[in-house]
Amino acid sequence: MLGTLRSDGSPRVSPCEIDVVDGHLFLGMMWRSKKALDLLRDPRCVVHSVTRDRMGTEGDVKLYGRMIDVHEEQLRDAYRAAVRARIDWEPDEPEFHLFKLDVESAAYAIFGEGSHALAWNAVDGLRRLELG
């Protein structure tokens, strides 16, 4: 899930698909979609993994940062090739938005037996947090 900020400052949550290509975390979006317009106006966002079981035993990840609008042809081509390899389809140029996430902080939490969390940011580094 992708959290963005609407023009009035209220939050928007949207489904998204992430592709990691050449060390970049990419999110492609339909041309002029609401979430893309949000990011073009204000790049701050959060990406949250989807929990697949009710107990959260696989853990969940949150990445906080800013999206960067990608125009470089080489990166766009690499992204399109990754999508094609994953789902046998690729977006047409130039009718899609491509963003890469500049991660500013991250968190991972796992629940159930051995529950704990990890948090990271550039100032404090990686920390382990016990969940009570």
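Listing for the model above:
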| read-out | value |
| --- | --- |
| With all protein chains modelled, accessible area of Arg128 [1.4 Å, Å²] | 140 Å² |
| Loop-located chymotrypsin sites (Phe, Trp or Tyr not before Pro) in region 26-132, at most 10 other Cβ atoms within 10 Å (DSSP) | Trp89 |
| Residues Asp69 and Leu129, FRET efficiency given R0 of 41 Å [Cβ-Cβ distance, rounded to 0.05] | 0.75 |
| Surface accessible to a 1.4 Å probe, Val123 within the full protein complex, Å² | 130 Å² |
| Inter-part distance where region 24-38 and region 101-123 are each reduced to a Cα centre, Å | 24 Å |
| Under 5 Å, built H, 5+ apart or other chain: amide partners of Gly59 | Phe111 |
| Sequence-separation-based contact order of region 35-75, relative, with Cα cut under 8 Å and 6+ spacing, percent | 41 percent |
| Relative contact order, percent, the chain [alpha-carbon distance under 8 Å, six or more residues apart] | 23 percent |
| Integer Hz, Karplus 6.51/-1.76/1.60 couplings in order for region 107-114, x for Gly and Pro | 9, 9, 10, 10, 10, x, 4, x |
| Theoretical ellipticity at 222 nm over the chain - DSSP helices of four or more residues, -39500 (n - 2.57) apiece, nearest 500 | -5500 deg cm²/dmol |
| Within the chain, longest stretch free of exposed GluC sites (Glu not before Pro) [DSSP loop, at most 11 other beta carbons within 10 Å] | 1-71 |
| Accessible-area value, Asp8, 1.4 Å probe, nucleic acids and ligands omitted, Å² | 120 Å² |
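The values are calculated or read from the model by the stated rules, or taken from the named source; none is laboratory data. These figures come from a predicted structure and were not determined experimentally. Neighbour counts run over all protein chains shown; Cβ positions are idealised from the backbone, glycine included. What goes into the accessible areas is simple: the full protein's heavy atoms, side chains included, and nothing from ligands, DNA or RNA. Shrake-Rupley method; radii C 1.70, N 1.55, O 1.52, S 1.80 Å.
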